[in-house]
Each structure stands twice: as structure tokens, then as C-alpha cells.
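The values are calculated or read from the model by the stated rules, or taken from the named source; none is laboratory data. Computed from a predicted structure; not experimentally measured. Neighbour counts run over all protein chains shown; Cβ positions are idealised from the backbone, glycine included. Note: areas computed on protein heavy atoms with side chains; ligands, DNA, RNA excluded. Shrake-Rupley method; radii C 1.70, N 1.55, O 1.52, S 1.80 Å.
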Amino acid sequence: MRTISHPPIEEVDLVSVLHALSDPVRLDVVGQLADGCELPCGAINGKVSKSTLSHHLKVLRDAGVTHMRVTGTKRMVSLRDEELGQRFPGLLESVLRCKQAA
């Protein structure tokens, strides 16, 4: 099985995070994970094809926004909200609040 890489939180930069959050599909994925839950990739409703959703999940992971772990045959995705909150205080909350207001 291939190893899933994640950037260390100290290497996550604001530009990458904001770019990852700038896409409506990725922002919707973050919204689905915002309550602290961990979801299998197949349970995430991206309203796009599986391959496109896979790409969006990779962008979020590479930017340091999400964490993915393998359990059996499933890939579980969660938000790195605590780590991001320490690195960029209030960022995710602000972005999600703006998303809900729109």
C-alpha cells in the first residue's frame, strides 16, 4: 500500500491553504468535515466525478487542510482544524462562516 504524505504543520503556508479553500467543491468538502467528523472518501458528497473528487482531496491534503489515513480498504479523511487553528488562528472559522452566509 502506498504511503499517504502530509506536510508538517510548520511547513503549511497561508497561500496554499487559501488556494485550496478557494474552490467551491473543496470548500464544500471542508464544510462536510467541519463538525470534527472523519469520513470515508466514498461518503463525501462532492457533486463531481470520483476522479475529480480525488483530485480535490489531494489538493486539500497537499495544502495541509486535511488528513487522510488508510483503514482496511477505506481512506478516511478528517480536517486538520486544531493544527490549522494553531498555525492560522480563526482562519477556518472565518472562511466557513462566510460560506454559510453566502
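Can you confirm whether Val25 is over 17 Å from Arg97 (Cα atoms), in contact with a helix residue (DSSP H, G or I) (Cβ under 8 Å, 6 or more places away or on another chain) and surrounded by fewer than 19 Cβ atoms within 10 Å (Cβ to Cβ)? So Val25 does not fit the description; no. So is Val15 out of contact with any strand residue (DSSP E or B) (no Cβ under 8 Å at 6 or more places or on another chain), part of a helix (DSSP H, G or I) and open to solvent by 60 Å² or more (accessible area, probe 1.4 Å) or not? Here the answer is yes, as Val15 does meet what is asked.
When you go through Leu60, Leu21 one by one, which is the residue that is within 22 Å of Pro8 (Cα to Cα), at pLDDT 95 or above, in contact with a strand residue (DSSP E or B) (Cβ under 7 Å, 6 or more places away or on another chain) and of a type outside the set (Ser, Thr, Tyr)? Break it down stepwise before answering.
Numbers: Leu21 fails: in contact with a strand residue (DSSP E or B) (Cβ under 7 Å, 6 or more places away or on another chain).
One residue alone meets the criteria, Leu60.
Only one entry in Glu82, Glu10, Glu93 is over 14 Å from the mean Cα position of the chain (by Cα) and either open to solvent by less than 30 Å² (accessible area, probe 1.4 Å) or among the charged types (D, E, K, R) (or both), namely Glu10.
Can you tell me which residue is surrounded by the fewest Cβ atoms within 10 Å (Cβ to Cβ) among those in segment 41-50 that are of a type in the set (Gly, Ala, Ser) and over 18 Å from Thr73 (Cβ atoms)? Filtering segment 41-50 for residues that are of a type in the set (Gly, Ala, Ser) and over 18 Å from Thr73 (Cβ atoms), the one surrounded by the fewest Cβ atoms within 10 Å (Cβ to Cβ) comes out as Ser49. Across segment 51-79, the qualifying residues are those that are assigned to a helix (DSSP H, G or I) and hydroxyl-bearing (Ser, Thr, Tyr), and the one among them that is least open to solvent (accessible area, probe 1.4 Å) is Thr52. Every condition in (1) at pLDDT below 95; (2) under 19 Å from Thr73 (Cα atoms); (3) open to solvent by 70 Å² or more (accessible area, probe 1.4 Å) holds for Asp35 except the one numbered (2).
When residues in segment 63-90 are screened for being modelled with pLDDT under 95 and within 12 Å of Val30 (Cβ to Cβ), 1 of them pass. Taking every residue in segment 70-95 that is within 23 Å of Cys41 (Cα to Cα) and touching a residue at least 60 places away in the same chain (Cβ under 8 Å) and pairing it with any residue that is open to solvent by 30 Å² or more (accessible area, probe 1.4 Å) and hydrophobic (A, V, I, L, M, F, W, C), at least 6 positions away or on another chain, the pairs with Cβ-Cβ distances below 6 Å are Arg75/Cys41; Glu83/Ile9.
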